[in-house]
Amino acid sequence: MTPAKNQFLALFSHITRRTHGVGKVPTPWFTKPIASAPMNGWSGPKLVAAVANHGGVPIYPIGYFTDPAAILKDLQAVIPLLSDNGDTDQTDSNTKGDEGAIKTEFLPYAVGFVTFWLDRQGPDLLLKILEGQGDISTTTATKRVSRPPAAVWFSFGDYRPYLKLVRQHGAAGTRVIVQVQTVQEAIDAQQDGVDVIVLQGTESGGHGAQRVRPLLSFIPEVVDALQERHKSSGLKVPAILAAGGISINSQYRAVQALGASGIVIGTGFMPTFESPGPQHAKERLLKTGDGGDTTVRTRIFDELRDFGWPEGYDGRVVRNLVTDREEEDLKTRGLFEPKGANAFKVLRADRTGTQEDWKKAVKDQDWDIIPLWSGTGVGLLKKQMPAAEYMDQLLGDDGKSH
């Protein structure tokens, strides 16, 4: 699939691999309509580089940042892992061309922000990243080069103040990706002129809206709504990505048929060799079948972690002792109260149910207590493999039928 034939990839056609030697024709970085989801603890530099090197669009997770210097250092660690990371003579299509053409060289990944957390921390880190401080600056014969990321992703909150900052302080060609959970949010994002809309279905692992529909109905309704506004008002239709429970090629083909330009994959990348997640957690994921039953949506872990998630959001996880006890209390006694100190009274009788238990579980990486975020597609994942091999299987490029 070429960028010219895919709306999502076409948005990034100005981002090319560096060329070496006179007469070399630049080739696009992004050739596969797969974005890796921004997953804290699971999307480190190795996975970001692996996805980018194989033509996908990786999203580095800024998440709950508290140390901007550490984030910038981690972003810089991606650069040596890229398959094309040498100095450039600045003669490719990113840096010259007709008047008005994009002239900035970009890094082949995006960064993902939790918007309500960005509200709390302030925009400084966003501005530093837009300036290219996540790059290991190189020097050519004529100037110092600091490259910004290809795109910025916003989820969970009012992204509009930051969209304005990206437009004001970002380089021309920096794309904006916004994740939405309702048709109206998609319409608003179209009105705001975002480049890419991610439609997150209820099947998605990790955080999402408590009231959100399945992708099967969500995608076509959004497509119809955006197309109608294009016809009536001339508003551009953003590229659409589908997120939620997608693990295999037949699902990719299905959402593509419904109108999505590409897919966002989270759970599917978690067991890959390049993901920084612990091996025993990866093995637990691969042994989890019947994802629609063995995963559950809950707010309990955000209460336990005291991250202050706004009302209206929860997260899908693999069931464990905590979710079982929460469900038991809700069904049999109706006594469950997830606020404050009572949030720690959710463990089985053979545990004390104290905050100390929670801290110990986090230290020990005890997945019977701490959350293993996962989408409903987890039951379709059967073996550990490199990220590139998994991407090929998703797109049906591995020579096997799916």
Search result, residues across segment 275-297 that are buried (at least 20 other Cβ atoms within 10 Å of the Cβ) and farther than 30 Å from LEU81 by Cα: GLY291, THR295
Residues within segment 217-258 that are in a loop (DSSP other than H, G, I, E, B) and either surrounded by 14 or more Cβ atoms within 10 Å (Cβ to Cβ) or touching a strand residue (DSSP E or B) at 6+ places or on another chain (Cβ under 9 Å) (or both), tallied: 8
LEU347, sole failed condition from (1) buried (at least 20 other Cβ atoms within 10 Å of the Cβ); (2) modelled with pLDDT of 90 or more; (3) outside the structural domain of GLU389 (by TED's automatic domain parsing); (4) not in a helix (DSSP H, G or I): (2)
Test result for PRO68, touching a Leu at 6+ places or on another chain (Cβ under 9 Å), surrounded by fewer than 20 Cβ atoms within 10 Å (Cβ to Cβ) and at pLDDT 60 or above: yes
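Each row is one residue, and each column tells you yes or no for (1) of a type in the set (Asp, Glu); (2) farther than 30 Å from ASP302 by Cα.
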residue	(1), (2)
ARG211	no, no
PRO214	no, no
ALA225	no, yes
LEU241	no, no
GLU274	yes, no
Answer residue from segment 320-336, given it is assigned to a loop (DSSP other than H, G, I, E, B) and surrounded by 13 or more Cβ atoms within 10 Å (Cβ to Cβ) and is modelled with the lowest pLDDT among those: PHE336
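Tell me the residue from ASP74, ASP119 that is in a helix (DSSP H, G or I), at pLDDT 90 or above and surrounded by fewer than 16 Cβ atoms within 10 Å (Cβ to Cβ), please.
ASP119
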Matching residues in segment 259-303 - criterion: being out of contact with any helix residue (DSSP H, G or I) (no Cβ under 9 Å at 6 or more places or on another chain), assigned to a strand (DSSP E or B) and assigned by TED's automatic domain parsing to the domain that holds GLU203: VAL264
Enumeration of residues in segment 140-199 that are aromatic (Phe, Trp, Tyr) and in a helix (DSSP H, G or I): TYR162
Single condition LEU372 does not satisfy, out of (1) modelled with pLDDT under 90; (2) in contact with a strand residue (DSSP E or B) (Cβ under 6 Å, 6 or more places away or on another chain): (1)
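Residues checked against (1) surrounded by fewer than 17 Cβ atoms within 10 Å (Cβ to Cβ); (2) over 22 Å from the mean Cα position of the chain (by Cα); (3) modelled with pLDDT of 85 or more; (4) part of a helix (DSSP H, G or I):
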position: ASP92; (1), (2), (3), (4): no, yes, no, no
position: LYS96; (1), (2), (3), (4): yes, yes, no, no
position: GLY100; (1), (2), (3), (4): yes, yes, no, no
position: TYR109; (1), (2), (3), (4): no, no, yes, no
position: PHE113; (1), (2), (3), (4): no, no, yes, no
position: LEU126; (1), (2), (3), (4): no, no, yes, yes
position: ILE129; (1), (2), (3), (4): no, no, yes, yes
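The values are calculated or read from the model by the stated rules, or taken from the named source; none is laboratory data. This one's a predicted model, so the numbers in the text were calculated from it and none came from an experiment. For neighbour counting, all protein chains shown are included, and Cβ atoms are generated from backbone atoms with ideal geometry for every residue, glycine included.
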